[in-house]
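Trainee: Here it is, the structure in full.
Bear in mind these aren't lab numbers, they're just calculated from the coordinates by the rules spelled out. Computed from a predicted structure; not experimentally measured. With ideal geometry, Cβ positions are generated from the backbone for all residues, glycine too; neighbour counts draw on all protein chains shown.
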Amino acid sequence: MSAVRGEFSSRFGFIMAAAGSAVGLGNIWGFPTQTASNGGAAFLVAYLVLAFFLAYPALMAELMIGRHGQANAVVSLTKVSNKPWQKHFAFIVGFGGILCAGFILSFYAIVAGWMLSATAQPIATLAGADAASLWLSEQSLTRNIIFTLVFIVLTIAIISRGVENGIEKWSKRLMPALLGILFLLIAYVMTQEGAMEGLKAYLLPDFSSIFDTQLIVSALGQAFFSLSLGTSVMIIYGSYISKKENLVSLGAYVTLIDVFIAFVAGLLIIPAMYVAQAQGVEIFSASGKLLSEDTLVFQVLPALFDGMGSVGLFVGFAFFALMSIAALTSSISMLEAPVSYTVERFAMKRIQATWLIGVLIAVVSITIVCNLGTLFGLVITLTTKVAQPLLGLMCCIFVGWIWYRNSLLQAIQEGNPEVHNTLFWKVWPWYTKFVCPIVIGAVFVHSILS
């Protein structure tokens, strides 16, 4: 079946694809912004703890379900179900994840479109096209629709080529490029006045705020969003992994890379904010609250780049090119979730399914663009703070309570025959069964009540 469905050709290919899915605007845009809004280093500590103690076990649950099922999310969840009600439950969770991925991509494409236009703006300035540069830098309905559609078409072009020639091939190219640009920008920003003050705010925590419930809710939501949990994406990617691979180490690598790039992105964005502040850009209100949280990178950072003179055009281009690459590595995984279901459920050719789903998502995106003030924040909240943690919790319940322990052990022993002797197997099953659902559920309930 894998020969028909496609399969990652190498361990490195899967790690780059899964890390690419995890590493996106959630890491490079969302994480630093959340950090600046929620106590700086205190948020960083909470995020690191929750990423390893809740997000990683949930990631392993999704990868396990996918590789065992060797199919789309709905079918894979159904295969670990034993009773009729469980199979109905499997459809709700699997299809819910697919819908969640589609709606995330619908708002994600809008933000990515902003990134693409911001990447093009310095080029227009250097070319002397001042009118085009002004149009690219200002919010307008026409600009937003055009660049949203351009981004969706780019995503469709990659996904339509399949697993090895599309997802894996481009992830191998885009991820190293992303890392290279990221480190070059950090090296430059660290030489600027104000950078060290930002570094202190980022790395020296105020432990008195670390148990703030809103901070914990935000940190958990960020951990789940950045690892693409609760969207069926990791179930799909798990289904493309060879059964010869060690899932325990693969999941650990993906989590480590995701957390590492989020941390490194903070080393860029937080100091850059303080550099901009040293140049006279207003970052925080009198009460210490971060201004322009949702549009931080489009207001604060361009002001920083303008203060650099002519070199700012090149730095600005590099930064927004980085953001565009990060967006693309995540968007291809989000589109893959509904595409894989459509291909397998309706026996449709991949290229036809990709364009069909892409057009549907484009319609939703344009609807959001036309009602930006009403729908944009609402869709983000419903998907990232409600649906993702809830669906991630459901996957933990599947692995902990529905999947028979012996069958689960046999599935994880494929590629890791001695796993039953490791600390992972001694801890992970009961941890996923009891700790993850209780803690994720408690945080979810609190977020709803709040």
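Trainee: Rounded to the nearest 0.05, what FRET efficiency do S242 and L48 have when you use their Cβ-Cβ distance and R0 = 22 Å? The partial results should precede the final answer.
Mentor: Numbers: r = 30 Å, r/R0 = 1.38.
The computed FRET efficiency comes out at 0.15.
Trainee: Could you tell me how far the Cα centroid of the range 199-250 sits from the Cα centroid of the range 394-450, in Å?
Mentor: Each part's Cα centre sits 16 Å from the other's.
Trainee: Here's a follow-up. What list do you get for V49, V343, V254 if you sort them by fewest beta carbons within 10 Å?
Mentor: Numbers: V49 15, V343 22, V254 28.
Ranking V49, V343, V254 by Cβ neighbours within 10 Å, fewest first, gives V49, V343, V254.
Trainee: Once the convex hull of the C-alpha atoms of the chain is built, how many Å³ does it hold per residue, rounded to a whole number? Walk me through the numbers before you get to the answer.
Mentor: Details: hull volume 62.6 nm³, N = 450.
In the chain, the Cα convex hull volume per residue is 139 Å³.
Trainee: Right, another one. For an R0 of 22 angstrom, estimate the FRET efficiency from the Cβ-Cβ distance between F183 and L134 and round to the nearest 0.05. Don't skip to the answer; put the middle values down first.
Mentor: On the way: r = 32 Å, r/R0 = 1.45.
Efficiency computed from Cβ-Cβ geometry: 0.10.
Trainee: For the chain, modelled as a Gaussian network with Cα springs under 10 Å, which listed residue fluctuates most, F284, F398, F31?
Mentor: F284
Trainee: Still on this model: Given the rule -39500 (n - 2.57) for each run of at least 4 DSSP H residues, summed and divided by the residues of the chain, what is its mean residue ellipticity at 222 nm, to the nearest 500 deg cm²/dmol? Show your work: numbers first, answer last.
Mentor: Numbers: 22 runs with 320 residues, N = 450.
Taking each H run of at least 4 residues, the total per residue is -23000 deg cm²/dmol.
Trainee: Ranked from highest to lowest mean number of other Cβ atoms within 10 Å per residue, what is the order of the peptides 401-410, 322-331?
Mentor: Values: 401-410: 14.1, 322-331: 25.1.
With the highest mean Cβ count within 10 Å placed first, the list reads 322-331, 401-410.
Trainee: Determine, for F317, F53, the number of other Cβ atoms within 10 Å of each Cβ, and report the residues in order from fewest to most. Kindly include the intermediate steps, with their values, before the conclusion.
Mentor: Details: F317 20, F53 14.
Result, fewest neighbours first: F53, F317.
Trainee: Rank these for me by crowding, I156, I65, I210, going from fewest to most other beta carbons within 10 Å.
Mentor: Working: I156 23, I65 28, I210 18.
So the residues, fewest neighbours to most, are I210, I156, I65.
Trainee: Let me ask something else about it. So which residue, out of A118, A177, A387, gets the largest mean-square fluctuation from a GNM of the chain using Cα contacts under 10 Å as springs?
Mentor: A177
Trainee: Highest first, please rank the peptides 55-62, 353-360 by the mean number of other Cβ atoms sitting within 10 Å of their residues.
Mentor: Details: 55-62: 27.2, 353-360: 19.0.
Final packing ranking: 55-62, 353-360.
Trainee: Modelled label-to-label distance, T367 and S285, 7 Å Cα→beta-carbon offset: nm?
Mentor: A separation of 3.3 nm, rounded to one decimal place.
Trainee: How would you order 301-310, 37-46, 273-282 from highest to lowest mean count of nearby Cβ atoms within 10 Å?
Mentor: Values: 301-310: 16.9, 37-46: 21.6, 273-282: 19.4.
So the order, starting with the most tightly packed, is 37-46, 273-282, 301-310.
Trainee: Could you give the semi-axes, largest first, of the ellipsoid that matches the range 241-361, computed as the square roots of 5 times the alpha carbon gyration tensor eigenvalues and rounded to whole Å? Write out the running numbers ahead of the final one.
Mentor: Numbers: eigenvalues 296, 80, 40 Å².
Each semi-axis is √(5λ); the values are 39, 20, 14 Å.
Trainee: Just grab the label-to-label distance for V386 and M308, each label 7 Å out from Cα along the Cβ direction, in nm (one decimal).
Mentor: In this crude spin-label approximation the distance works out to 4.0 nm.
Trainee: Here's something else I'd like to know. What is the spin-label model distance, in nm, from R345 to N82 if the labels are put 7 Å beyond Cα along the C-beta direction?
Mentor: If labels sit at R345 and N82, their model points lie 2.7 nm apart.
Trainee: Okay, moving on. So what is the diffusion coefficient of the range 396-450 in µm² per second by Stokes-Einstein at 20 °C and 1.002 mPa s, using a Kirkwood Rh over Cα pairs? Present the calculation step by step, with values, prior to reporting the outcome.
Mentor: On the way: Rh = 12.4 Å.
Rounded to a whole number, D works out at 173 µm²/s.
Trainee: Kirkwood Rh, the range 79-181, all Cα pairs: how many Å? Display every interim value, and only then the final one.
Mentor: Working: mean 1/r = 0.0598 Å⁻¹.
Across the range 79-181, the inverse of the average 1/r is 16.7 Å.
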